[in-house]
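Visitor: Pasting a structure here, questions to come.
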Amino acid sequence: MFNDNICRIVVEGPIGVGKTTLARKLAERLDFRADLEQPENNPFLEKFYRAMDCHALSTQLYFLFQRSEQLEQRNAGLAGQRVVADYMLEKDRLFAELTLTPEEFELYDKVYRKLDPDLSPPDLVVYLQAPMHDLVDRVRHRRADWDYHLESDYLEKVDQAYATFFHNYRAAPLLIVNTGSVNTVENPQDFDMLLDYMGQIETGRHYFNPLGSQ
């Protein structure tokens, strides 16, 4: 029996870790609404991956407005509904600090504070981790052309930024999942174990790292 008090779930993690796939599976199994990012709608993203220094600010501001609007719609139109999302707005600042110059970040921060987004915490955050070689392989096998331009050192910086962020995260119950030891996408048993574990969480920080199958 899944915890009835868990109505808003966020799945997060670095590029290539599988957060969108897991969010979709959770929404389908739990009969939650899926609130997913739409990176393909960002007209600056491919340019950013090809020349990060030139297009970081435009890419980040577009994502900020997009995610803020999605969050506003989620809070207003989805009141009372059970939702699984594959992003949290706090990640936007994480990427901004990583990619922008100090002057650009100052401008970004002014826009961010002007928007004053509602950051009410979810009922549960699922943070997916993976070994770096797995992240690199997954990104290389994606179909999106721009993913091929991601350098491994950038992926490492993103991964470390996530690790630091969630090391200090206390706003909501947190479940840390090592996707290097379980395969919740292709192995139904691993997914069922994860779902059962999630359904028992009420507070605090938890780790899901069983001897799953690859």
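Visitor: Can you tell me which of Asp31, Asp35 is charged (D, E, K, R), over 28 Å from Thr101 (Cβ atoms) and buried (at least 19 other Cβ atoms within 10 Å of the Cβ)? Give the derivation first.
Guide: Working: Asp31 fails: buried (at least 19 other Cβ atoms within 10 Å of the Cβ).
Among Asp31, Asp35, only Asp35 is charged (D, E, K, R), over 28 Å from Thr101 (Cβ atoms) and buried (at least 19 other Cβ atoms within 10 Å of the Cβ).
Visitor: For the stretch 1-25, which positions are closer than 14 Å to Tyr87 by Cβ, among the aliphatic types (A, V, I, L, M) and touching a strand residue (DSSP E or B) at 6+ places or on another chain (Cβ under 6 Å)? Walk me through how you get there before you give the answer.
Guide: Start the filter on the stretch 1-25 by keeping residues that are closer than 14 Å to Tyr87 by Cβ, which leaves 8-15, 17-24.
With the extra rule that they be among the aliphatic types (A, V, I, L, M), the set shrinks to 9-11, 15, 17, 22-23.
Within the stretch 1-25, Ile9, Val10, Val11, Val17, Leu22, Ala23 qualify.
Visitor: May I ask you to list the residues in the stretch 42-63 that are without any contact (Cβ under 8 Å) to a residue 60 or more places away in the chain, touching a Leu at 6+ places or on another chain (Cβ under 8 Å) and either closer than 17 Å to Ile15 by Cα or loosely packed, with under 15 Cβ neighbours inside 10 Å (or both)?
Guide: Those that are without any contact (Cβ under 8 Å) to a residue 60 or more places away in the chain, touching a Leu at 6+ places or on another chain (Cβ under 8 Å) and either closer than 17 Å to Ile15 by Cα or loosely packed, with under 15 Cβ neighbours inside 10 Å (or both): Ala56, Thr59, Gln60.
Visitor: Same structure again: Applying the selection to the stretch 185-214, what residues are in contact (Cβ under 8 Å) with a residue 40 or more places away in the chain and closer than 22 Å to Pro122 by Cα?
Guide: At the first step, the residues of the stretch 185-214 found to be in contact (Cβ under 8 Å) with a residue 40 or more places away in the chain are 185, 191, 195, 198-202.
Residues satisfying the conditions are Phe191, Leu195, Met198, Gly199, Gln200, Ile201, Glu202.
Visitor: Still on this structure, I have one more. Are any residues in the stretch 165-181 outside any strand (DSSP E or B), over 11 Å from Gln129 (Cα atoms) and in contact with a helix residue (DSSP H, G or I) (Cβ under 9 Å, 6 or more places away or on another chain), and if so, which ones?
Guide: Scanning the stretch 165-181 gives Phe165, Tyr169, Ala171.
Visitor: Going by the conditions given, is Pro39 free of Cβ contacts under 8 Å to residues at least 40 places away in the same chain and under 20 Å from Arg140 (Cβ atoms)? I'd like the intermediate steps shown before the answer.
Guide: Details: free of Cβ contacts under 8 Å to residues at least 40 places away in the same chain: yes; under 20 Å from Arg140 (Cβ atoms): yes.
Spelling it out, Pro39 is indeed free of Cβ contacts under 8 Å to residues at least 40 places away in the same chain and under 20 Å from Arg140 (Cβ atoms).
Visitor: Please count how many residues of the stretch 1-41 are of a type in the set (S, T, N, Q), out of contact with any Leu (no Cβ under 9 Å at 6 or more places or on another chain) and under 23 Å from Ala163 (Cα atoms).
Guide: So the first thing to find is which residues in the stretch 1-41 are of a type in the set (S, T, N, Q), and the list is 3, 5, 20-21, 38, 41.
Those left that are additionally out of contact with any Leu (no Cβ under 9 Å at 6 or more places or on another chain): 5, 21, 38, 41.
From the residues that got through so far, the ones that are under 23 Å from Ala163 (Cα atoms) too are 21.
Total satisfying the criteria: 1.
Visitor: Considering only residues that are modelled with pLDDT of 95 or more and among the aromatic types (Phe, Trp, Tyr), look in the stretch 100-128 and name the one that is nearest to Tyr162 (Cα to Cα).
Guide: Per the stated criteria, the residue is Tyr127.
Visitor: Shifting gears a bit: Pick from the stretch 84-109 the residues that are charged (D, E, K, R) and surrounded by fewer than 19 Cβ atoms within 10 Å (Cβ to Cβ): which of them is farthest from Leu64 (Cα to Cα)?
Guide: Initially, the stretch 84-109 is screened for residues charged (D, E, K, R), giving 86, 90-93, 97, 103-104, 106, 109.
Still in the list and also surrounded by fewer than 19 Cβ atoms within 10 Å (Cβ to Cβ): 90, 93, 97, 103-104, 106, 109.
Working: Glu90: 10, Arg93: 9, Glu97: 13, Glu103: 17, Glu104: 14, Glu106: 14, Asp109: 10 Å.
Selected residue: Glu103.
Visitor: Checking Ala171 against (1) surrounded by 17 or more Cβ atoms within 10 Å (Cβ to Cβ); (2) at pLDDT 90 or above, which test does it fail?
Guide: All conditions pass for Ala171, except number (1).
The values are calculated or read from the model by the stated rules, or taken from the named source; none is laboratory data. Quantities reported herein were computed from a predicted structural model and do not represent experimental measurements. Using ideal geometry, Cβ is built from the backbone for each residue, glycine included, and neighbour counts are taken over all protein chains shown.
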